[in-house]
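Colleague: I'd like to ask some things about the structure below.
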Amino acid sequence: MKSLAAALVLLAASAFALPDPGFDGKPEKTAPVVQAKASAAAISEVDSRVWVEIEAPGKAERQTAVDAGISIEEVKPGMAAGFATPQALERAKAAGLKIRTTVTLRQRFGALDFPEKDAVYHNYKELEADMRSLAARAPDLVSIFSIGKSTLGKDLWAVRLTRGAKGTKPSKKPGIVFMGTHHAREHLSTEVPLLIAKHLVDNRADMEIARLLETRDVYFIPMVNPDGVEYDIEGGKYHMHRKNMAKNADGSTGVDLNRNYAWGWGGGGASPNPGDDTYRGPSAFSEPESRAVKAFVEARPNLKVMISYHTFSELILYPWGGSDEQIPDAKALAAFKAMAGEMAKMTGYTPEQSSDLYIATGDTCDWAWGAKGIFAFTFELTPKSMWDGGFYPGAGVVSRVFQANIRPALYLIDLSDDPLRAVKGASVFASTPASKSSGESTK
Ligand code: 0X9
Ligand code: ZN
């Protein structure tokens, strides 16, 4: 394993990376993302969480760690690592886990700093501005609307791309939704859906993309947790913040939105302790952000596919995540596996059932599949490990990660009319398409 010093050198080196050009070769944006605010510097100084590495020869130890309230972020042979409050660390020790190392967040991430080097990433205002300019560029195709308000009252913006329907007007075309940043510090998960939307608009004259925009109803909600995102970059330094900005009864901040959905809510891998990073909230859908996603989905029975982007680890995950059982519908399971396998070939990511990583209840995709029958995938984007930049891999990766993820996006948009087609390889975007995609629903 690399030393901490080596990793910090690596992270510091990424500070000098130039802003990455967009997919069209033009710089996406040049403005610094945040202005420094004096008050915020102190906040990360009082953050008592630690980065902890535990001995974890197998899933049992990972599960014990998750159940103790540690948010596991990295899995390697023999070990797992992640964030823990002092209380979660004590619970993990009491449960018999062997702790290899702990470091404070300031020790581990103190060298990181947001502004200039990562200016390519979008803060909330910049995201909204880019969405509006996208809509202005192709008003016949693009509309934006708010799906609801965040805990602190920000609009949760959605972009819709389709021909012949605007805003919230219903459509009978098969639908798909791409979402980002349920978890605040996973900023790359906002960039990827935004760049996919831009790609579709800028390449709308391409025959296959024109067909998709004609026959599919495509939604993007790139920032599900804007309060958390803004807090994470406040003051020009990263705060390693995962949750939303809810004020909890015990005075702590935040609910893990990816534990707050009503499928298996309250079960394993989702902490009942408000201070933990994986706090599930006081009840299922207690949070305005997850409630807004629920309402958005329920208003659109045409939605057949969902991607919830996260970082990091380079994984493509499919339900269940809350249980080791396989989903009972054998045909659907075959389609999930075919799609995940195909997209793994396109990206080099690893396909697996979510719970193979660890069991965690109340996640978005379990609910989308379990309650709504939507083929829902969690993508854990780049990098592969904490040592490659973790949540903050720098501006240099944005374009490359988008490039790796555009084909899976086109593939899923294509298959959204009938995801079961995946088992036959029936998409023009598959690596070995069985036949030319008809673009027609087989349902
Ligand atoms: O723990 C999560 O919410 C996801 N990983 S992250 O590092 N982005 O926080 C993974 C969710 C996978 N789902 C389940 N295992 N249920
Ligand atoms: Zn995440």
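Colleague: Tell me, which strands (runs of 3 or more DSSP E) wholly within segment 266-364 include 1 or more residues that are touching a residue at least 60 places away in the same chain (Cβ under 8 Å) and farther than 21 Å from Gly148 by Cβ?
Modeller: 303-311, 315-318
Colleague: Among what's in segment 174-226 and is away from ligand 2 (no atom under 16 Å from the Cβ) and in a loop (DSSP other than H, G, I, E, B), pick the residue that is surrounded by the most Cβ atoms within 10 Å (Cβ to Cβ).
Modeller: Among those that are away from ligand 2 (no atom under 16 Å from the Cβ) and in a loop (DSSP other than H, G, I, E, B), it is Arg216.
Colleague: I would also like to ask the following. Answer yes or no: is there a residue in segment 184-198 that is within 18 Å of Arg49 (Cα to Cα) and more than 16 Å from ligand 1 (Cβ to nearest atom).
Modeller: No - not one qualifying residue is present in segment 184-198.
Colleague: Does any residue in segment 58-85 that is within 19 Å of Tyr279 (Cα to Cα) come within less than 6 Å, Cβ to Cβ, of a residue that is of a type in the set (D, E, K, R) and in a strand (DSSP E or B) six or more places away or on a different chain, and which pairs are these?
Modeller: Every condition considered, the pairs that remain are Ala81/Glu53; Ala81/Glu74; Gly82/Glu73.
Colleague: Of the numbered conditions (1) at pLDDT 95 or above; (2) assigned to a loop (DSSP other than H, G, I, E, B); (3) more than 30 Å from Asp414 (Cβ to Cβ); (4) within 16 Å of ligand 2 (Cβ to nearest atom), His239 fails exactly one; give the number of that condition.
Modeller: The failed condition is (1).
Here is a yes/no grid of residues against (1) of a type in the set (Val, Ile, Thr); (2) in contact with a strand residue (DSSP E or B) (Cβ under 9 Å, 6 or more places away or on another chain); (3) away from ligand 2 (no atom under 14 Å from the Cβ):
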position	(1), (2), (3)
Gln353	no, yes, yes
Ile359	yes, no, yes
Gly373	no, yes, yes
Leu381	no, yes, no
Trp387	no, yes, yes
Gly394	no, no, yes
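Colleague: Among (1) modelled with pLDDT of 95 or more; (2) hydroxyl-bearing (Ser, Thr, Tyr); (3) out of contact with any helix residue (DSSP H, G or I) (no Cβ under 6 Å at 6 or more places or on another chain), which single condition is Thr382 missing?
Modeller: That leaves (3) as the condition not met.
Colleague: Right, next: Is segment 212-233 home to any residue that is more than 13 Å from ligand 1 (Cβ to nearest atom), in contact (Cβ under 8 Å) with a residue 40 or more places away in the chain, in contact with a His (Cβ under 8 Å, 6 or more places away or on another chain) and more than 21 Å from Val397 (Cβ to Cβ)?
Modeller: Yes - at least one qualifying residue is present in segment 212-233.
The values are calculated or read from the model by the stated rules, or taken from the named source; none is laboratory data. Keep in mind it's a predicted model, so treat the numbers as computed, not measured. Because the Cβ atoms are built from the backbone with ideal geometry, glycine has one as well, and the counts that use them run over all protein chains shown.
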